[in-house]
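The structure under discussion appears below in the form of structure tokens.
Each reported figure results from applying straightforward, stated rules to the coordinates on display, with no laboratory input. Fair warning: this is a prediction, and the values are worked out from it, not measured in the lab. Because the Cβ atoms are built from the backbone with ideal geometry, glycine has one as well, and the counts that use them run over all protein chains shown.
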Amino acid sequence: MPDMIDKRDRASLFRQRLSVAMAQAGATQASLAREAGLDRSTISALLAPGTRLPNAQAAADCARALRVSTDWLLGLTDRPSPPDQLADEAVTLVPAPRALFDDTIFGWHRAAAGAKIRHVPATLPDLLKTREVAEWEYRAALGEDAPRALEAFEAQKDWLASAHSDFEIAIPLHELANFAAGTGYWADLPKALRRAQIDEFIHLTETLYPALRLYVFDAHRVFSAPVTVFGSDRAVVYLGRQYLVFSDPAKVAEVSRHFDWLVREARFSARETASHLRGLEV
């Protein structure tokens, strides 16, 4: 919102937002007057066309009764939640099931469709995995539900490919090396599947650029926990059993700057990644 708003415009915005908040709360003029401790005539006057603005006490009482922010009613912010609710919403913990593109993550992708998605995966990015690698990695968690889960996985990948979002993905150098060599986490994954996955990475990074930009960073120099930034509205850190979710714009921007740092310090830029992948010995 602009710092300075003409009194007539602010009065009009106040009336609009008061009406919206009343409708969302199912409040009438009489019930709002009762909850706010104001005369019904005062509420009626505030909703009537003109340049009348409430005094600070009346604005605060209306906001409290309607569970919205006083600043929002007065046009000082675009976030309607009251301060205590904003604080609760700024950082939340959300369950993280061991699943392929679980519904929560997919919902965040849908909400950010068309925006830039920035991602540091826990292993390799699910978005770029072949079906065979995904099945191998998640087989214990999927159990008998594997066929249906894998079909949903493919459908979600297809949707994401058509979502017109820009994807920036940063992967540690050692993660790709371990995958190619079949060591550590990837020790039991057959060589043929690893080779096919590397080829798929090469194909995707070349054919989808610049909508997909894959960076490789050296964890001896820089480090990142698994994290995803969904546009400017949400940043999510993966803890294992839970997601730590930031929705405060300043915090989201800070996490996004962390990703900027990974890109600046990347050992291989998005244009160089395919060449590095070709040099990996499987």
* How much mean residue ellipticity at 222 nm does the chain get from its helices, if each DSSP H run of length 4 or more adds -39500 (n - 2.57) and you divide by all residues, to the nearest 500 deg cm²/dmol? -> -15500 deg cm²/dmol
* Structure fact -> Measuring from the longest principal axis of the C-alpha atoms of the chain, the long axis of helix 131-142 (C-alpha) lies at a number of degrees, nearest 10, equal to 70 degrees
* Take the alpha-carbon positions of region 57-167, form their convex hull, and give its projected area averaged over all directions (one quarter of the hull surface) in nm². => 9.6 nm²
* Say each of residue 222 and residue 45 gets a label point 7 Å from the Cα, pointing the same way as Cα to Cβ; how far apart are those two points in nm? -> 5.9 nm
* **Selected from 263, 125, 216, residue furthest toward positive end of dipole (the chain; charges at beta carbon)** => 263
* Cα pair distances of region 7-80 binned at 5 Å [whole percent] -> 3, 19, 32, 30, 13, 2
* Fraction of beta bridges assigned by DSSP in the chain that are antiparallel (%, nearest 5) -> 65 percent
* To do: Please identify, among 131, 52, 264, the residue showing maximal mean-square fluctuation in a Gaussian network model of the chain using a 10 angstrom Cα cutoff.
  => 52
* Asked: If you line up the long axis of helix 146-161 against the longest principal axis of the chain, both from Cα atoms, how many degrees apart are they, to the nearest 10?
  -> 70 degrees
* Structure fact -> Quick numbers on the chain, Rg and Dmax over C-alpha atoms in Å, give 25.0, 79
* **Folded to 0 to 90 degrees: helix 7-25 orientation relative to the chain principal axis, Cα** => 70 degrees
